[in-house]
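Let me begin by presenting the structure, written as structure tokens, before commenting on it.
Just so you know, all these numbers are worked out from the coordinates, no wet-lab data involved. Remember, it's a predicted structure, so these values are computed and weren't measured experimentally. Here Cβ is always computed from backbone atoms with ideal geometry, including for glycine, and neighbour counts include all displayed protein chains.
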Amino acid sequence: MKKIFLYILAGSLCFSACKKDDEVETYKEPEDIAVQNSYDDQAIKKFMSENYLDAQGNIKAFSTTDTSDDNEKKLIDLPYQTLPSGTIYIMRDGAQPTVEPQTIGEDDILTLMIRANAYLAGNTDGNISFISSLTLVNTINGNGLPMIDPLFYYAKKSIRDAATTGVAQQRSYYEVEGFREAIQKFKAFKNLPSGDPYNLQGVILVPSRAAFARDPHYPYSTQYSLRNYSMVFNFQVYGRADRPDGQ
């Protein structure tokens, strides 16, 4: 029995040691933020070359074993626009509202079906790409219902007034500048019922400099920081409404 215990202990120690070796840090923050900005731009273009949109507009990675996606267009081969902030947006052909399309204003209340992920760009042996990812929100694979006014889009006055520190009273502490900038390029549907099947309108890719860069930010994830993280949003705007005064 003692030998069995020793074998188990030895195995546990070996697993622990191997795990520590695997967890060697692969990302080192560049001192010059311009270097990180360059990493972001290159990693975003690589992401666009490795992914496509499926029949419902979901971002999908090309398979290396399944040939069914061989004729799909890469994101980078779709028409896209780059904003001065470096944010890129793609409007999916045939998925935009055609009946009473609603212009999106700067401070409108938005109802969104959305999947949003954050990605960290880094240099691994000369290969620049996204090396880690975090989920910000996913209504598509979650409860399947759109959400209203996500905090990364609009931080209400009541939330800011309740904050106890000066930085947390600023909208920039919560909101993703690049997303806000690009979403206004799209049109909203006229109040689709929340149970309607989704047909995603497009993609917004935000480099870290147009997200939180290295600034303090709201802890969207209690475990991880979004410092230096770029973000990718895949969405449909189910509706918009005027925001009441005081919000």
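Residues of segment 181-222 falling in the label zone of Q81, defined by backbone nitrogen less than 12 Å from a point 7 Å along Cα to beta-carbon, are 181-187. Against the chain, whose longest principal axis comes from its Cα atoms, helix 2-22 is set at around 50 degrees. Highest mobility in the GNM of the chain, judged by mean-square fluctuation with C-alpha springs under 10 Å and restricted to N127, N58, N143, is found for N143.
Less than 17 Å from a label point 7 Å out along the Cα-to-Cβ axis of E50: which backbone N atoms in segment 29-43 qualify, by residue? Hits in segment 29-43 for E50 at 17 Å: 39-43.
Once the Cα atoms are used to define both axes, helix 33-50 deviates from the longest principal axis of the chain by about 80 degrees.
Take the Cβ atoms of N191 and I131, set R0 to 45 Å, and the FRET efficiency comes out at 0.65. In segment 30-241, taking the dipole from charged Cβ atoms about the Cα centre, the farthest positive-side position among Y153, N228, L205 is held by Y153.
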